[in-house]
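S.K.: Questions regarding the structure given below will be posed in turn.
The values are calculated or read from the model by the stated rules, or taken from the named source; none is laboratory data. Here the structure is a predicted model, which means the values were calculated and not measured. Cβ atoms come from the backbone with ideal geometry, glycine included; neighbour counts cover every protein chain shown. To get the accessible areas, we keep the full protein, side chains included, count just its heavy atoms, and leave off ligands, DNA and RNA. Shrake-Rupley method; radii C 1.70, N 1.55, O 1.52, S 1.80 Å.
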Amino acid sequence: MKVTFSILVLFLALSFSVSAQEKTKKQLKEERELEKQNEMKALLDAQNFVFEAQKVTPQGGRLIQLDYNTYFLKFNKENTTCDLPFFGRGYNVAYNGDGGIKFEGKPENIKIENKKKSTVLKATVRGKNDIYDLFFTIFYNGSATLSVNSNNRAPISYDGIVSAPKEVKK
């Protein structure tokens with residue numbers, strides 16, 4: 001009787017310890033979300049990330065799906081580079097230009113505001129021929145919206161994703 005009881009207790013203890021070690025799908029999902037959230041916070045704290053545009057909404061226009069992930073804005077507190085398409089009204093734009101929003105410069109007046117599920121980042125960049133006001137809303141799952149206002153063009157917004165910059169191999 002004592003042997004049977006001790007075997008039963010041992011079996012129950014092993015089954016509980018095995019089931020306690022397995023994580024549920026919900027716990028795994030929460031861990032992935034927390035990991036992504038920490039990654040986004042680290043990118044924003046370092047002020048070094050890449051925004052890849054997937055959709056664009058011009059002022060007073062319809063949503064345009066972008067086919068290729070070649071449109072980007074590399075944000076860095078030392079130098080910001082932008083190559084985004086532009087659809088809308090241009091007020092004072094060069095005739096020989098390609099029509100997109102392309103600039104490179106050091107961001108100024110950087111302001112970061114943390115909210116419950118997102119972070120808002122505002123910055124101003126002086127390009128070669130224009131001044132650009134950037135307004136990011138970056139969500140902790142990696143998605144983001146970017147609104148660009150400039151002196152020479154109508155306002156425009158982009159939807160996309162934020163990721164860490166890729167290291168350049170030399």
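S.K.: Go over the candidates Ile64, Ile131, Ile101, Ile110 one by one and state the one that is among the aliphatic types (A, V, I, L, M), open to solvent by 50 Å² or more (accessible area, probe 1.4 Å) and farther than 20 Å from Ser163 by Cα.
M.R.: Numbers: Ile64 fails: open to solvent by 50 Å² or more (accessible area, probe 1.4 Å); Ile101 fails: open to solvent by 50 Å² or more (accessible area, probe 1.4 Å); Ile110 fails: farther than 20 Å from Ser163 by Cα.
Answer to the selection: Ile131.
S.K.: What tally of residues in the stretch 39-70 results from selecting those that are free of Cβ contacts under 8 Å to residues at least 60 places away in the same chain and aromatic (Phe, Trp, Tyr)?
M.R.: Within the stretch 39-70, residues that are free of Cβ contacts under 8 Å to residues at least 60 places away in the same chain and aromatic (Phe, Trp, Tyr) number 1.
S.K.: Filter the stretch 69-85 for residues that are open to solvent by 40 Å² or more (accessible area, probe 1.4 Å) and in a loop (DSSP other than H, G, I, E, B) and give the result.
M.R.: Asn69, Thr70, Tyr71, Lys77, Glu78, Asn79
S.K.: Can you pull out the residues in the stretch 142-170 that are outside any strand (DSSP E or B) and modelled with pLDDT of 90 or more?
M.R.: Result: Pro155, single match.
S.K.: Could you count how many residues in the stretch 42-60 are assigned to a strand (DSSP E or B) and surrounded by 15 or more Cβ atoms within 10 Å (Cβ to Cβ)?
M.R.: Total satisfying the criteria: 10.
S.K.: Moving on to the next point. Check Phe139 against each of (1) at pLDDT 90 or above; (2) open to solvent by less than 70 Å² (accessible area, probe 1.4 Å) and name the one condition it does not meet.
M.R.: Here Phe139 meets the rest and fails (2).
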